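Here the structure is laid out as structure tokens; the discussion comes afterwards.
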Amino acid sequence: MILLDSVTKKYPGDEEPALDSVSLHIEPNEFVFLVGKSGAGKSTLMKMITKEETPDSGKIIIGGIDLDYVKKRHIPGYRRRLGVVFQDFKLLPRRTVYENVAFALEIVGMSNKEIRNTVPKVLELVDLLDQSKKFPDQLSGGQQQRVSIARSIARQPKILIADEPTANLDKLTTEEIIGLLKKINDFGTTIFVTTHNENIVNNLQKRVITMKGGKIVSDQKNNGIYKLDEKPQPEAPKRIVQTPGHALRRRRVI
């Protein structure tokens, strides 16, 4: 589902790479936390997945799509295959809750009938159906994040990327948002979350990947806990086998 093979990225002017030969494989339907101190490389790794940045070397395959072959003009279409949730919500202030979610469907060409059928179901899932006519500034921070999540899952993406989704929320609201992400994961969506919140990581006990100095230093695949001070782990070899593709070339991972 998500594969990074020996991915390296160094920004101009930096002495050390932001990502240093990072290899990672996330299976379909996993719930994964990515943790690490500021500057560890978490944001750069996420930008690689959303193709906001391009690696200097290495291979990235997301949902069977080899990002080497996604041309600039195809990037918006590729990103629409992902659900992305941000800590600052990024809602459209002059559109209602309903319109914010509907807009995500309009831009992919969904018909008005499909939108009318889909939006209420998504808002019900995030417990905001009764808030559908309100504008973002009439909502609490937790409700705004729920709208952001609803917008991200309206197209039923196979992968949901959440970058510090609870950073600006109180403890109770944080637990509610994580509970919602877990429910979405239970429906079959792969969830990949960056966070600095030790409590939610330890309470959920899912897979936990720790980064330090641009490297993955720990990968706890089961019952993971929040821990930052680890030594780099040895890289596991991966074999990538090319298979025929179409407009966006794909590869099969074995």
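In the condition set (1) assigned to a loop (DSSP other than H, G, I, E, B); (2) under 30 Å from residue 7 (Cα atoms); (3) at pLDDT 95 or above, residue 61 is compliant with all but (1). Would it be correct to say that residue 162 is at pLDDT below 95, outside any helix (DSSP H, G or I), touching a His at 6+ places or on another chain (Cβ under 9 Å) and surrounded by 13 or more Cβ atoms within 10 Å (Cβ to Cβ)? The answer is no for residue 162. Among the residues of the stretch 80-131, just one is under 21 Å from residue 164 (Cα atoms), at pLDDT 90 or above and polar (S, T, N, Q), namely 100.
Search the stretch 28-47 for residues being in a loop (DSSP other than H, G, I, E, B) and closer than 19 Å to residue 58 by Cα, and hand back the single one that is farthest from the chain's Cα centre (by Cα).
40
In the set (1) among the charged types (D, E, K, R); (2) part of a helix (DSSP H, G or I); (3) in contact with a strand residue (DSSP E or B) (Cβ under 9 Å, 6 or more places away or on another chain), residue 116 fails one condition alone, (3). The residue that is surrounded by the fewest Cβ atoms within 10 Å (Cβ to Cβ), among those in the stretch 195-208 that are touching a helix residue (DSSP H, G or I) at 6+ places or on another chain (Cβ under 9 Å) and modelled with pLDDT of 95 or more, is 206.
Only a single item in (1) assigned to a loop (DSSP other than H, G, I, E, B); (2) surrounded by fewer than 22 Cβ atoms within 10 Å (Cβ to Cβ) is not met by residue 180, and it is number (1). When the criteria are applied in full, residue 167 meets the requirement of being within 19 Å of residue 193 (Cα to Cα), out of contact with any strand residue (DSSP E or B) (no Cβ under 6 Å at 6 or more places or on another chain) and surrounded by fewer than 17 Cβ atoms within 10 Å (Cβ to Cβ). How about the stretch 122-159: which of its residues are under 19 Å from residue 83 (Cα atoms), assigned to a helix (DSSP H, G or I), of a type in the set (Gly, Ala, Ser) and touching a helix residue (DSSP H, G or I) at 6+ places or on another chain (Cβ under 7 Å)? Residues satisfying the conditions are 142, 150. Restricting attention to the stretch 167-176, does a residue exist that is among the β-branched types (Val, Ile, Thr), more than 23 Å from residue 28 (Cα to Cα) and without any contact (Cβ under 8 Å) to a residue 60 or more places away in the chain? Yes, the stretch 167-176 contains a residue that is among the β-branched types (Val, Ile, Thr), more than 23 Å from residue 28 (Cα to Cα) and without any contact (Cβ under 8 Å) to a residue 60 or more places away in the chain.
The values are calculated or read from the model by the stated rules, or taken from the named source; none is laboratory data. Bear in mind the structure is a predicted one, so any value in this text is a computation, not a measurement. As a convention, Cβ positions derive from the backbone with ideal geometry for all residues, glycine included, and neighbour counts pool all protein chains shown.
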